[in-house]
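Shown next, in structure tokens, is the structure this report addresses.
The values are calculated or read from the model by the stated rules, or taken from the named source; none is laboratory data. All values reported here derive from a predicted model rather than from experimental measurement. Virtual Cβ from ideal backbone geometry, glycine too; neighbours counted across all protein chains shown.
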């Protein structure tokens, strides 16, 4: 009896110890499970907090990096794009939308057509109208000028009334500003960054040139005591002014071109052209194209290095393009005998193309020459080879390049688009 009880008691104690150990294990499991499920463990709390903090910091750094990149990109584009990012963006969105060919023209007579990449200006005797290359009418405004002349920048158009007293500045959203002059306007032009110059007659001097910045503030005035101003141009950086003047001495022209900065009335450079009259000047690359009655001249804005190309004949047209300059020279009294001279934007002669037909309109775009002769349209490469040939309607007065193989044809009432077929080899 005593032995049995002793064994039974030991066995009971053994079961109690075993149950105690199992309970302890279960308790530890429950405790661990409790810690895992409720997250009350101190180490786990630290890991969660640190992980969340690191994620927040990483997201913040990514946001700052993206913001900095966008800001830097906008600053670079604002500095690089002529006219600035904001106005380029406004113009781009203004051209988006429905439209197509044929499309109508407002006004009775076309005065000028100027292409500006993906849109173009049509100036008539009553209206200034902007069309997208797809034919959408972007802007159409009545100008009311007797003798309207247009000059364009990368984002704006300057329209002045030659012989009148008003200058209007436009972008694709509408008219931005009007300047009224005291004296009659001789000429005006606008540079790519939006600065512009207006030359007028003067009661106190022979003529006066006034420069305005792109916010329409007057920043410089130059008065000519003796010579007449016939051309004026602000450089693409907006810090120099070129003026061509002429006088008549003993029945002959005396012509010169002067370069000014805005710190002094004295020129920093002068070119004397003698009896050759300066007919036209324009910004080309980093220099000035200067057209006289017998030469094409290229003057660098910075070092004033001069390059010249001589020709014989009469200047029929002068067109500035992204690729350079196109000059059309015809034999006196014979407009069907033409030499088309192509010049790079560094003033170097590229080639000369012979066209034996009366040229109604001509353009230089993308390394190609587009010529309108009566009702025929020709596309030449820079070597003078005919790449494509097409026909347009009778009465077409102007053409605009809308793609490499198609043009918009303008008469006085409407615009149609023509695809130019490949020329037979």
Query - Index of the failed condition, residue 193 passing every other in (1) surrounded by 15 or more Cβ atoms within 10 Å (Cβ to Cβ); (2) at pLDDT 95 or above; (3) assigned to a loop (DSSP other than H, G, I, E, B) - result: (2)
Query - Any hit, the range 77-98, residues being touching a strand residue (DSSP E or B) at 6+ places or on another chain (Cβ under 9 Å), outside any helix (DSSP H, G or I) and at pLDDT 95 or above - result: no
Report summary line: Scanning the range 329-359 residue by residue, those part of a strand (DSSP E or B) and either outside the structural domain of residue 373 (by TED's automatic domain parsing) or within 25 Å of the chain's Cα centre (by Cα) (or both) turn out to be 341, 342, 343, 344, 349, 350
Query - Checking residue 118 against (1) at pLDDT below 95; (2) crowded, with 18+ Cβ neighbours inside 10 Å, the condition it does not meet - result: (2)
Report summary line: Considering residues that are within 30 Å of residue 118 (Cα to Cα) and exposed (fewer than 14 other Cβ atoms within 10 Å of the Cβ), the number found within the range 304-337 is 1
Query raised in the report: For the range 387-425, how many residues meet the condition of being exposed (fewer than 15 other Cβ atoms within 10 Å of the Cβ) and under 27 Å from the mean Cα position of the chain (by Cα)?
Result: 5
**Report entry** strands (runs of 3 or more DSSP E) enclosed by the range 197-278 - at least 3 residues per element that are closer than 22 Å to residue 165 by Cβ and without any contact (Cβ under 8 Å) to a residue 60 or more places away in the chain
**Finding:** 207-212, 218-224, 228-234, 240-249
Report summary line: When every residue in the range 132-156 that is in a strand (DSSP E or B) and under 22 Å from residue 208 (Cα atoms) is compared, the one nearest to the chain's Cα centre (by Cα) is 152
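The rows are residues; the columns are (1) modelled with pLDDT of 95 or more; (2) surrounded by fewer than 16 Cβ atoms within 10 Å (Cβ to Cβ); (3) farther than 21 Å from residue 108 by Cα.
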site	(1), (2), (3)
146	yes, yes, no
151	yes, no, no
154	no, no, yes
159	yes, no, no
165	yes, yes, yes
170	yes, no, yes
177	yes, yes, yes
182	yes, yes, yes
186	yes, no, yes
Query raised in the report: Name the residues in the range 196-219 that are buried (at least 19 other Cβ atoms within 10 Å of the Cβ) and within 25 Å of the chain's Cα centre (by Cα), would you?
Result: 196, 197, 198, 199, 210, 211, 212, 214
Query raised in the report: Can you name the residue in the range 238-258 that is under 30 Å from the mean Cα position of the chain (by Cα) and surrounded by 19 or more Cβ atoms within 10 Å (Cβ to Cβ) and, of all such residues, is nearest to residue 226 (Cα to Cα)?
Result: 245
